[in-house]
Amino acid sequence: MKTLRIILAVVMIMTLCYVAQAYTLTFDDVPRGVEPEVYYSDTYGIGIEFPNVLISYHVGSDWGPPHSENNVLVASNSFQGSKITFMFKRPDSGHTSYQPYSVYSVGAYFCTQQDVVLQMVGYDGDLEHPVASAYIGATGESWKNRYVEISSSGDIGMFVLYSISTDAFHKFCMDDLNVDPVPEPSGFFALLGSLACMGGIAWRRRRA
């Protein structure tokens, strides 16, 4: 009975470790002024389609204070376009190449200047199939670190910020991007294998 309780406790711990893979990109471990085409934390990250999106030191700024620490993500003064695309990319062990992955949800803290409106849209892997969306900012309002999140059933492969109001990309910033990735199949099968082994051990000891 004691052995069974120990096995159950280990199973619970392993399950929690397996599902608790959400991570946060704070933008604080990158020097200001950097235009990150790929930005990652540990084993997960994002690729940013437009290089004119950069890390900016916003402490003491007259708008858009960081949600945490010092840096935020903004569009540079030279940015031209109506959308910014963020693709979920996982670097390999040597960080020399990247593989796409999907997520259950993605959200961040946004600051906007007065009357700025953007739309955050999640897609399942290409720009033909939107699966979730939310608006950022509002007419007659300015936002200060308001959290916006989109979620789906685990099929968000990228998300896009669209400019809805005039010059919106020069009047917003984003901080602390929170992502809940879909676990890798290899991790799932490893967990199943461990559970099967533990079950076999418990069964043999019970019969002995």
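Can you tell me which residue is farthest from Gly107 (Cα to Cα) among those in segment 19-42 that are open to solvent by less than 40 Å² (accessible area, probe 1.4 Å), aromatic (Phe, Trp, Tyr) and in contact (Cβ under 8 Å) with a residue 40 or more places away in the chain?
Only one residue tops the list, namely Phe27.
Check segment 139-156 and report whether any residue there is touching a helix residue (DSSP H, G or I) at 6+ places or on another chain (Cβ under 8 Å) and surrounded by 18 or more Cβ atoms within 10 Å (Cβ to Cβ).
For segment 139-156, residues touching a helix residue (DSSP H, G or I) at 6+ places or on another chain (Cβ under 8 Å) and surrounded by 18 or more Cβ atoms within 10 Å (Cβ to Cβ): absent.
Hey, does segment 53-74 have a residue that's in contact with a Ser or Thr (Cβ under 6 Å, 6 or more places away or on another chain) and closer than 20 Å to Pro130 by Cα?
There is no residue in segment 53-74 that is in contact with a Ser or Thr (Cβ under 6 Å, 6 or more places away or on another chain) and closer than 20 Å to Pro130 by Cα.
Could you tell me which of the residues Ser76, Ser105 is among the hydroxyl-bearing types (Ser, Thr, Tyr) and surrounded by fewer than 17 Cβ atoms within 10 Å (Cβ to Cβ)?
Unique residue meeting the criteria: Ser76.
Going by the structure shown, is Gly154 out of contact with any His (no Cβ under 9 Å at 6 or more places or on another chain) and free of Cβ contacts under 8 Å to residues at least 40 places away in the same chain?
no
Yes or no: Tyr147 among the aromatic types (Phe, Trp, Tyr) and closer than 25 Å to Glu37 by Cβ?
no
The values are calculated or read from the model by the stated rules, or taken from the named source; none is laboratory data. Note that this is a predicted model, so its numbers are computed, not measured. Glycine also receives a Cβ, built like all others from the backbone with ideal geometry; neighbour counts cover every protein chain displayed. Just the protein is used for accessible areas: all its heavy atoms, side chains included, with ligands, DNA and RNA removed. Shrake-Rupley method; radii C 1.70, N 1.55, O 1.52, S 1.80 Å.
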